[in-house]
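Worksheet for the structure shown next.
The values are calculated or read from the model by the stated rules, or taken from the named source; none is laboratory data. Bear in mind the structure is a predicted one, so any value in this text is a computation, not a measurement. Ideal geometry is used to build each Cβ from the backbone, glycine not excepted, and the neighbour counts take in all protein chains shown.
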Amino acid sequence: MRKTIIAGNWKMYKTVDESIELINELKSRVQNPTTNIEVVICPPFTSLVVAAGLLKSSAIKLGAQNMSEHDEGAYTGEVSWKMLKSTGCEYVILGHSERRQYFGETNDLINRKAKKALAGGLKPIICVGEKLDEREQGITQQVVSTQVKGVLAGLSADDLKRVIIAYEPVWAIGTGKNATPLQAQEVHQNIRKLVAQLFSWTVAEGLIIQYGGSVKPDNAADLLAQDDIDGALVGGACLTAESFASIIGSAPSR
Ligand code: PGA
């Protein structure tokens, strides 16, 4: 049975002091998630080292929000997989729609980043999702399939054991308008079918597919109850310990 992974994407929020406060509060609220639930927080780069120290004695795992496709070099402002590993990160979010939209990230670039992350021992949380006009045109499936094929190109079945896909409809991110559980389930199921075609059923059945886009304490349980929804990537609602802990608490025990 697949695990449920609830990850918090802090985006560009929280100074070091604010991060310490939030992590300490989270630790007191999320003491022992049941064995089939994994909790990950993805603070900004500047808080990773301090976060790793605070999470040492905790079940909460650490992730970053982005990573360079290069190993090292003259790339001002970039952060490499090796640097992330050295802070204690286990996960890295790749290809978030905000990276695609504001920083021009393409499926090809995200694919190269995913390969680097995997080779470096990080688990990539790779984001896909359609825009509002694409959903309205009825091309959600084509858009998401193209993204999934692009970001997973050249990966092995073995790599897929460490990959997480986050389905995040762009129109649902930060808008308060989540996809309905059935809308999300339909896309998740189609992603799983596509991965079965590209790799195998065994790979597809093991793949963790998170939903993201306005996940909140009051809609998390219904979303997470869907067969093919294996977790959540949470933005706004992960910025307070109370709401993030409440989302974690609504994950079904499978
Ligand atoms: P949101 O963000 O929960 O604030 O909609 C989700 C995300 O961007 O990962």
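With the range 181-254 as the region, which helices (runs of 4 or more DSSP H) entirely inside it contain at least 1 residues that are within 18 Å of Gln141 (Cα to Cα)? So that I can check it myself, show each step before the final result.
On the way: elements: 181-198, 201-206, 220-224, 241-249.
Those helices (runs of 4 or more DSSP H) span 181-198, 201-206.
Report yes if Ile126 is touching a Gly at 6+ places or on another chain (Cβ under 9 Å), in contact (Cβ under 8 Å) with a residue 40 or more places away in the chain, closer than 17 Å to Ile229 by Cα and in a strand (DSSP E or B), otherwise no. Quick ask: steps written out before the conclusion?
Values: touching a Gly at 6+ places or on another chain (Cβ under 9 Å): yes; in contact (Cβ under 8 Å) with a residue 40 or more places away in the chain: yes; closer than 17 Å to Ile229 by Cα: yes; in a strand (DSSP E or B): yes.
For Ile126, the condition - touching a Gly at 6+ places or on another chain (Cβ under 9 Å), in contact (Cβ under 8 Å) with a residue 40 or more places away in the chain, closer than 17 Å to Ile229 by Cα and in a strand (DSSP E or B) - is met.
Collect the residues in the range 108-123 that are surrounded by fewer than 19 Cβ atoms within 10 Å (Cβ to Cβ) and either outside any loop (DSSP other than H, G, I, E, B) or modelled with pLDDT under 95 (or both), keeping them in residue-number order. Walk me through it before giving the result.
So in the range 108-123, the residues surrounded by fewer than 19 Cβ atoms within 10 Å (Cβ to Cβ) come out as 108-109, 112, 115, 119-121.
Correct list: Asp108, Leu109, Arg112, Lys115, Ala119.
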Checking Ala184 against (1) within 28 Å of Lys27 (Cα to Cα); (2) crowded, with 18+ Cβ neighbours inside 10 Å, only one condition comes out false. Which one? (1)
Given (1) within 15 Å of Ile37 (Cα to Cα); (2) in contact (Cβ under 8 Å) with a residue 40 or more places away in the chain, identify the lone condition not met by Ser246. (2)
Only one of these conditions is not met by Lys193: (1) closer than 22 Å to Ile37 by Cα; (2) away from the ligand (no atom under 16 Å from the Cβ). Which number is it? (1)
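Conditions tested, residue by residue: (1) more than 28 Å from Tyr102 (Cβ to Cβ); (2) hydrophobic (A, V, I, L, M, F, W, C); (3) buried (at least 22 other Cβ atoms within 10 Å of the Cβ).
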site: Thr146; (1), (2), (3): no, no, no
site: Arg162; (1), (2), (3): no, no, no
site: Gly174; (1), (2), (3): no, no, no
site: Asn219; (1), (2), (3): no, no, no
site: Ala225; (1), (2), (3): yes, yes, no
site: Ala237; (1), (2), (3): no, yes, no
Residue list for the range 201-223, filter: within 15 Å of the ligand (Cβ to nearest atom) and small (Gly, Ala, Ser): Gly212, Gly213, Ser214, Ala220
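Consider Asn36 carefully, then state whether it is exposed (fewer than 15 other Cβ atoms within 10 Å of the Cβ), of a type outside the set (Val, Ile, Thr) and touching a residue at least 60 places away in the same chain (Cβ under 8 Å). Can you show your working first?
On the way: exposed (fewer than 15 other Cβ atoms within 10 Å of the Cβ): yes; of a type outside the set (Val, Ile, Thr): yes; touching a residue at least 60 places away in the same chain (Cβ under 8 Å): yes.
So Asn36 fits the description; yes.
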I need a count of the residues in the range 1-19 that are over 17 Å from the mean Cα position of the chain (by Cα) and outside any loop (DSSP other than H, G, I, E, B). 4
Looking at the range 156-180, which of the residues that are away from the ligand (no atom under 13 Å from the Cβ) and assigned to a loop (DSSP other than H, G, I, E, B) is farthest from Ile126 (Cα to Cα)? Thr180
Just to be sure I understand the filter: pairs with C-beta atoms under 6 Å, separated by 6 or more residues or on different chains, first member in the range 159-171 and more than 12 Å from Val143 (Cα to Cα) and in contact (Cβ under 8 Å) with a residue 24 or more places away in the chain, second member more than 10 Å from the ligand (Cβ to nearest atom) and of a type in the set (Phe, Trp, Tyr). Which pairs pass? Leu160/Phe199
